[in-house]
Amino acid sequence: MVRDDLRRPLGTKPVPSPAAHATDMTSASLTPRLTTDDDLLGMRLAHRVILRDVTRLRELADRMLADPSSFDRARYAATADYVGLFVASLYHHHNVEDLALWPLITASAGPHVDFTELTDDHDELDPLLDELGEFTRGLPDPAAVAGFARTLRTLSEHLHEHIADEERTVFPLITGHVSADAWQRFEKDAQRGGRADFDLTRFFAVMTEDETERVRRELPLPVRLMVAVFSRRQRRRERAVFG
């Protein structure tokens, strides 16, 4: 019996068998695609919206202190409604991270990942949100206005620092370890419990032109129509608060 390597002409390399080639292709196809930076657009938009709103609310509170006469009871009531939605949205965002995102990253990257600092940040932010809600319900009482402004200044500082830390530490873990399929499932689950008429419409307000074009291409027509209706409602809501 003649060995295969003796049958080959000198200087030639062995040709991989079809079975070996199929095995290589199967292995490659089973390797999941990792989440890319582009896939994180939804999380980036959520963070932009949070920072935009807390900044606008802080400036609004400063105006309340400086010129109370420019606020009537209707505007105070609209502000209370808006802050209630903002606080609920922020609670939802933090709960999704604590209960779903951190476990997802740990399962993908390994148990050595430590989210203690970020979780501690959430624990510090939650009492501030409670205070904000209490002071908002007390408007237009002067003491409530002062507490409203003070709490928003502190909350704004904490959120800007927390979100910067989170994007610097968490985003590389997601793109380095979490599969794109797992990330898509997480984003779909994270949308449950939110309010599309408040959260989704605010996303469009902070998008660049390129991001808006990309998202509109990806959204089904019924969702685009829904966003258009909700956006008009959101603009009325914001005008009643911010002018």
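Distances between placed amide hydrogens fall under 5 Å for Leu34 paired with Ala180, all partners being 5 or more residues away or on another chain. Ranked by the mean number of other Cβ atoms within 10 Å per residue, highest first, peptides 147-154, 100-107, 63-70 order as 147-154, 100-107, 63-70.
The angle separating the long axis of helix 116-137 from the principal Cα axis of greatest extent in the chain is about 30 degrees. Taking Cα atoms only, the orientation of helix 209-218 departs from the longest principal axis of the chain by about 70 degrees. The mean sequence distance of close C-alpha pairs (under 8 Å, at least 6 residues apart), as a share of the length of the chain, puts its relative contact order at 34 percent. For segment 68-199, the relative contact order is 36 percent, taking Cα pairs closer than 8 Å that sit 6 or more residues apart in sequence and dividing their mean separation by the residue count.
P(r) tail for segment 40-194, what percent of Cα pairs lie past 28 Å? In whole percent, the share of Cα-Cα pairs in segment 40-194 beyond 28 Å is 28. Treat each spin label as a single point 7 Å out from the Cα along the C-beta direction, and report the Asp120 to Thr169 distance in nm. Reported label-point gap for Asp120 and Thr169 is 0.9 nm. Relative to the longest principal axis of the Cα atoms of the chain, the long axis of helix 180-190 makes an angle of roughly 20 degrees.
Coordinate-derived values only; no laboratory data. Given the structure is predicted, the values throughout are model-derived calculations rather than measurements. Here the Cβ is made from the backbone with ideal geometry for all residues, glycine too, and neighbour counts use every protein chain on show.
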